[in-house]
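The values are calculated or read from the model by the stated rules, or taken from the named source; none is laboratory data. None of the values given here were measured: they were computed from a predicted structure. Cβ placement follows ideal geometry from the backbone for every residue including glycine, while neighbour counts extend to all protein chains displayed. Quick note on the areas: whole protein, heavy atoms, side chains included, nothing else; ligands and nucleic acids left out. Shrake-Rupley method; radii C 1.70, N 1.55, O 1.52, S 1.80 Å.
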Amino acid sequence: MSQARPPFPPFTAETAAQKVQGAEDAWNSRDPQKVSLAYTPDSVWRNRDEFLSAREEIIAFLTRKWERELDYALRKSLWSFSDDRIAVRFQYEWHDAAGQWWRSYGNELWEFTADGLMSRREASINDVTITEAQRRIVGPRPTEEHGMDIDLR
């Protein structure tokens, strides 16, 4: 049984921003089970070159992701919204097992059901190598920075 997940569509600028911040907070928990609860049981995803459907596949994907992307820290920014859809820009930083740091840049398209669960997620992501000294995303976003845009570089 799915739980309703406010805020609900149709979105306003305020409720779309709340949805984006809620997603950022959940993903920064690095808890695949917790993150999966924001999606419908039959949610479909495209993440880079992977196609997923259903929460079980989402949980398995996120588990693999955070085993590989160490010290992951994410920032999301609202790009646009309509009645039941939100477009998001995001960046996250992480390092691999060899110690190489990366900044991943991406865009997501989200579609929601009336009960506020995401039924579709499409993500396009590119990775850029960085040094540890170039990092600017560390841990969850402080509350006073909620809603702030992300620098492009």
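Worth pointing out:
- Selection count, the stretch 82-118, where residues are acidic (Asp, Glu), under 21 Å from Arg46 (Cβ atoms) and part of a strand (DSSP E or B): 2
- Taking the criterion of being in a loop (DSSP other than H, G, I, E, B) and within 13 Å of the chain's Cα centre (by Cα), the residues of the stretch 8-36 that qualify are Ser29, Arg30, Asp31.
- Looking across the stretch 44-59, the residues that are part of a strand (DSSP E or B) and out of contact with any Lys or Arg (no Cβ under 7 Å at 6 or more places or on another chain) come down to Arg46, Asn47, Glu50, Phe51, Leu52, Ser53.
- Checklist (1) within 23 Å of Tyr39 (Cα to Cα); (2) of a type outside the set (A, V, I, L, M, F, W, C); (3) open to solvent by 80 Å² or more (accessible area, probe 1.4 Å) applied to Asp115, failing item: (3)
- When the stretch 11-53 is filtered for residues that are within 19 Å of Ser82 (Cα to Cα) and exposed (fewer than 14 other Cβ atoms within 10 Å of the Cβ), the ones remaining, listed by number, are Thr12, Ala13, Glu14.
- Residue list for the stretch 117-132, restricted to those being among the polar types (S, T, N, Q) and in contact with an Asp or Glu (Cβ under 7 Å, 6 or more places away or on another chain): Ser119
- Within the option set Leu74, Leu62, being open to solvent by less than 20 Å² (accessible area, probe 1.4 Å), assigned to a helix (DSSP H, G or I) and either in contact (Cβ under 8 Å) with a residue 40 or more places away in the chain or within 25 Å of Val138 (Cβ to Cβ) (or both) holds for one residue only, Leu62.
A quick yes/no check of all residues on (1) modelled with pLDDT under 95; (2) open to solvent by 10 Å² or more (accessible area, probe 1.4 Å); (3) farther than 14 Å from Val20 by Cβ:
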{"site": "Trp66", "(1), (2), (3)": "no, yes, yes"}
{"site": "Phe81", "(1), (2), (3)": "no, yes, no"}
{"site": "Ile86", "(1), (2), (3)": "no, no, no"}
{"site": "His95", "(1), (2), (3)": "no, yes, yes"}
{"site": "Gln100", "(1), (2), (3)": "no, yes, yes"}
{"site": "Ile125", "(1), (2), (3)": "no, yes, yes"}
{"site": "Thr129", "(1), (2), (3)": "no, yes, yes"}
{"site": "Gln134", "(1), (2), (3)": "no, yes, yes"}
{"site": "Pro142", "(1), (2), (3)": "yes, yes, yes"}
